[in-house]
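A short worksheet on the structure shown next.
The values are calculated or read from the model by the stated rules, or taken from the named source; none is laboratory data. Fair warning: this is a prediction, and the values are worked out from it, not measured in the lab. Backbone-built Cβ (ideal geometry, glycine too); neighbour counts: all protein chains shown. For accessibility, only protein heavy atoms count, side chains too; no ligands or nucleic acids. Shrake-Rupley method; radii C 1.70, N 1.55, O 1.52, S 1.80 Å.
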Amino acid sequence: MIVADSVVFEGPAEETATALSGPGACARIATSGKFFVAGGRKEYLKGVTYGPFPPGRHGAQFPECDAVLRDLALMREMGANCLRTYTAPPRWLLDAAGEQGIWVLAGISWAQHLCFLDSAESRAGIRQEVETVATRGRGHPAVAAYLIGNEIPPDIVRWHGPRRIERFLADLAAVVRDADPGALVGYASFPSTEYLRTDFADFLGFNVYLHDEAAFARYLARLQVLADDRPLLLTELGADSIRAGRAGQAAMLDWQLSKAYELGAAGTMVFSWTDEWFTAGEEIRDWAFGVVDRERRPKPAFEAVRRRYEEPAPPPAPVSPMVSVVVCAYNAEMTLDGCLRSLAALSYPSYEVIVVDDGSTDATAAIMGRYDYIRAIHFEANRGLSAARNAGIAAAEGEIVAFTDSDCLADPQWLDYLVATFRSTGMPAVGGPNLPPHEESLVASCVAVSPGGPLHVLLDDQEAEHVPGCNMAFRRDVLREVGGFDPIYRSAGDDVDLCWRLQDRGHRIAFSPAAMVWHHRRNTVGAYIRQQRGYGKAEGLLYLRHPHRFNRLGHSRWRGRIYGGLASLLSLRRPVVYAGIFGRGLFQTLYQPPSGLAGFLPLTLEWNALAILLLAWAVAQGGMAWLGALPLALSLGVCLNAALRARLDRGANRLEGRLLVALLTYLGPLARGLERYRWMIRGLTGAVHVGSPRALQDLPFSWRTLALTVSYWTETGVEKESILEGLRDEMAARRYQVTPDQGWSDWDLEIRGGIWTVARIRACAEHHGGDKRVLRVRSALRPSGAVTFAVCACLLSAVAAAAVLHLPALAIAAALGGLAVLAAAGAEAASLAGSLYEVLNRAARQVRLRYVPQETGRPEALRS
C-alpha cells in the first residue's frame, strides 16, 4: 500500500489538482479531456458570477474601479479563482483580475431574447460585437473563456428552429477563434433548451437551479453524458436568501458545491457575488442570490462557499477502502513508463499497483524494475490478457480491484471518482471513459476518431451495459463470485464477457464520467487493422458464449447506447425532444435512441459483399453499372460524412486527414467482420460428436415434427431442471453452442449443431402421484438462418442465370449449390440428433432416471 504524493508527469494527464497559488498567477486556461488545465496543471474553476451592474463612470457595466478591486480581493479571500461576467469585461478589469490570480469567463451581451435571426442587420451586429470583445481580450491570460450566449429563450429557439440556432452559435464561436486564437469558447445553456447541441464549444456550460439534492445529482449525471469528452462547467447555481433564508442558502450551496465536484464537474460559478443586480435598465430588489449583500458584507453563504472552495476537488471521502490497481503488460516498453508514472501521481490515499508482465520479450521487465512502489508478477511465456488479469486478482489485497492498460495514463483523481461512485451507487462494478490523447502523428489522430475503439455503452445516465477493460473496477468478492476473466479471451473481449456475466447474475454496473484515463490509440494503419481483426475474433468468441446477445448475422445487440468514436455520427435515429405543451416545459429533455444496426449497415461486411455482387451483375448486364454502384456509393458516402463530422486534432484537420478517416471508417468494420465470421464458423464447426454416428431412423425421431423425443421415469421426485442442466453442461463441454432461455422463448435450451442446424429443446414433467414423474424431452431440429439465406440465394441465382442471363450452366451450378447446402444441413442434423440422444441418456443416468422406450408409450411397463 502507498500514500501517493502529488507528482507531475508528462502527457495529457500531467496536471495535478492544485489551486491558484496567489496574485499574478494566471496562465491561460485550456481543456484536457473532462477538465481544465493551466500551465501544465489541472485546475478546477471555482468562481462566482459578477453582474450585471449599472454603467459606471468609466462607461462599462461594472462598479467603479476601486470597488472592483475590493470585490476581487474579497473573492480571493473566499477561495474563488474565477468570475463570470454577463457583459464584456474591459481590459482594465481583466488586468485587475489577473493580478489577483482570478480568471474571467467573459460574457458577451446581445439581444438573444429577440428573434435575432430574422434580420440580416441584427446578425451582422451580433457578429461585430462578438469580434470586438474577443479582439479586446486577445491573448490576455486572465480570459478563461468567452461565453457567446446565455440561455436563449426556448420560444426563440422554437421560432427559428434549433438547427439554425446551433449553426449561428457555431459561427460566433468561429468568429471568437479567429479574433483570439487559442481562447476557449462556451455557451451557457439551461434545462429549457437542453436539446441544443453545442459541439462547437470547448466545454459544456449549464445553468442549473435544483434545490433537491437527489434531483441535482441525477441531473448532473445527465449533463456529464451530454458533455461526453468535454469538461462540464456549471455556469450558474445558487439559492435566493430571501426565500430560502440566509442559513438555508448557505446549507444549499454547501451540498450543491460538494455534490458538483464529487460528480466530476470541472468548475462551478455561484450565482451570485452580490445581491446587487441590475438588468433591463432596472435594479432587482426582490431577489437576493449574493454571497455578500449590496454593501459587500459576507452572508453565511460566503463561509459555506469558502469551506468548499478551499477543500480539494473532489471532496475527500469519509472512508477510503483499499484499491488494487492491476496493469497487464505485454511488450509494452513504448508506453509502460508513462503509465506507471501516472499511477504514482494518483491522489487517492490507499492503493497498491500490481503489474503483470505477460511473457514480454522487450524491455518491459526492466521498466518495471525502476518502480519500487509496484508489486511485479512475471510470466515466463505469454498466457493472454485474461490469465494475466486473473493473476492480478489473485494477488490483490484491496477491497476493490481496478484495471487499466499499459498504454493508458490515469488522471490524478481517477480512483477518487471511481470509489466515490461505488459509495454513492452501491453497485459492485464501476467504469469510466477512456479518451485519446493529443497525437502529433496524422495517422494516430485519425485512428483516434475512427470506429472500433474501446467504447462504453450506457443504459441510462448512470448505469452502463459495458465499460472498457482499460478503465473498470469491481468489488473483489464479486470478481471471485463470477470466476474472474475467461482465459479464452487472450487479447480482447474479456471485458464484454465479464460485464455480461455480471448482468446475467443480476448485478449492475455504474458509470463514473469523471474517472478518466487517457488511452493511446494505434499509430499506424496496419496496427489499426490488426486491432480490428482482434476485436472481430473477440466478437466471434463472444457469440459462442453469449449467443442471445447477438443477432443472426453475428452482430451484437446492445440494449444501451454506444458512446464515443463515430457511433453517434453514424446513427440514423435522431434524438427525440420533449418540449412540453406549447414548448413551455421547464426541462425540455433530449432522449437519445439506443444504438442500432441500421446506421452501421452500409459499413458491414454483409452489405458490401452483396454490393460487390450487385455491381458485378450490373456490369455483366451492361448499361446498368450506375445502378449496381449505388450500394457501394452509399457506403462511401457514409464514410465521407462521418469523416467530415469527426473532431480531428488541429494538426490532422486537413484534406488528407479527413480522407484517411473515411478510409479507416470503411476498412475497419470489414476487417472486423471477416475475422468475426472466421471465428464464429470455427467455433460452430468445432463441436465434438458424441458416440458413433447414427441414422435418424435408428433414433426416436418423428419426421412429421422433425423432432427427437425421449422420456424418462423416476420415483424420486427428480424435476426437469436436472436433466436440462446436465444436457447444457455436457453439450457446452463438447463445444456445442448452447443458449438457455432468458424467459422470453417457448423453448428451454437452443443448441447449434454447426452452421446449418439448430435444436430447440423443450422439457416437461408429468406427475403420477407422490414423487413419481415422467420427464419428457423433445428436441426439435430446425434449419439455421444460414440455410435459409444460402438456399434462397442459390435459388434466386439459378432463376436469374436461366431467365435473365441465359446461362444454363450457371443456373445448374447454383441449383447444385443449394442442394449441397441442404445435404450438409441434413448430415449435420443427423449428427446433432445422435449427440443429443447420447448426452440425454448420460444425463438421465447421472440422476438415476430410467429410460422409457418410445414404443411402450407409457411408463407402466417400467414399474416394478
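Structure values in brief
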| read-out | value |
| --- | --- |
| Tabulated pairs, the range 486-511, first farther than 17 Å from P433 by Cα, second among the small types (G, A, S) and in a loop (DSSP other than H, G, I, E, B), C-beta under 6 angstrom, 6+ apart or interchain | R490/G384 |
| Filter result (among the β-branched types (V, I, T), open to solvent by 10 Å² or more (accessible area, probe 1.4 Å) and outside any helix (DSSP H, G or I)) within the range 452-501 | V482, I488 |
| Within the range 45-66, tally of residues that are at pLDDT 95 or above and open to solvent by 10 Å² or more (accessible area, probe 1.4 Å) | 1 |
| Those residues of the range 787-806 which are among the β-branched types (V, I, T) and either modelled with pLDDT under 75 or closer than 22 Å to G826 by Cα (or both), in sequence order | V787, T788, V791, V804 |
| Matching residues, the range 320-352, being without any contact (Cβ under 8 Å) to a residue 60 or more places away in the chain and closer than 22 Å to L418 by Cβ | L340 |
| Residue list for the range 520-561, restricted to those being part of a helix (DSSP H, G or I), among the aliphatic types (A, V, I, L, M) and either modelled with pLDDT of 85 or more or within 22 Å of W607 (Cα to Cα) (or both) | V525, A527, I529, A538, L541, L542 |
| Check on R389, at pLDDT 95 or above, crowded, with 22+ Cβ neighbours inside 10 Å and among the basic types (K, R) | yes |
| Condition check for R647: within 29 Å of L605 (Cα to Cα) and open to solvent by 20 Å² or more (accessible area, probe 1.4 Å) | yes |
| Verdict on L105 being surrounded by 16 or more Cβ atoms within 10 Å (Cβ to Cβ), in contact (Cβ under 8 Å) with a residue 12 or more places away in the chain and assigned to a helix (DSSP H, G or I) | no |
| Options V305, V325: the member that is within 30 Å of N382 (Cα to Cα), out of contact with any Pro (no Cβ under 7 Å at 6 or more places or on another chain), buried (at least 16 other Cβ atoms within 10 Å of the Cβ) and of a type in the set (A, V, I, L, M, F, W, C) | V325 |
| Residues satisfying the stated conditions in the range 409-427, i.e. open to solvent by 10 Å² or more (accessible area, probe 1.4 Å) and in a loop (DSSP other than H, G, I, E, B) | G426, M427 |
| Residue in the range 104-115 that is touching a Lys or Arg at 6+ places or on another chain (Cβ under 7 Å) and polar (S, T, N, Q) present | no |
| Boolean, E310 is within 20 Å of G392 (Cβ to Cβ), of a type outside the set (A, V, I, L, M) and in contact with a Gly (Cβ under 9 Å, 6 or more places away or on another chain) | no |
| Qualifying residue in the range 690-703 (condition: crowded, with 21+ Cβ neighbours inside 10 Å and not hydrophobic (A, V, I, L, M, F, W, C)) | no |
| Residues that are more than 16 Å from L667 (Cβ to Cβ), in contact with an Asp or Glu (Cβ under 8 Å, 6 or more places away or on another chain) and open to solvent by 10 Å² or more (accessible area, probe 1.4 Å), drawn from the range 502-522 | Q503, R505, R508, F511, W518, H519, H520 |
| Filtered residue count, the range 108-126, keeping only those that are open to solvent by less than 60 Å² (accessible area, probe 1.4 Å) and either within 20 Å of F200 (Cβ to Cβ) or not hydrophobic (A, V, I, L, M, F, W, C) (or both) | 10 |
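Condition check ((1) assigned to a helix (DSSP H, G or I); (2) among the small types (G, A, S); (3) closer than 30 Å to R522 by Cβ) across all residues:
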residue: L663; (1), (2), (3): yes, no, yes
residue: G673; (1), (2), (3): yes, yes, yes
residue: R682; (1), (2), (3): yes, no, yes
residue: I723; (1), (2), (3): yes, no, no
residue: L727; (1), (2), (3): yes, no, no
residue: A732; (1), (2), (3): yes, yes, no
residue: V738; (1), (2), (3): no, no, no
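One line per residue, one yes/no per condition, for (1) in a helix (DSSP H, G or I); (2) in contact with a Ser or Thr (Cβ under 8 Å, 6 or more places away or on another chain); (3) crowded, with 21+ Cβ neighbours inside 10 Å:
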residue	(1), (2), (3)
Q128	yes, no, no
E131	yes, no, no
T135	yes, no, no
P141	no, no, no
W159	yes, no, no
V176	yes, no, yes
A188	no, yes, yes
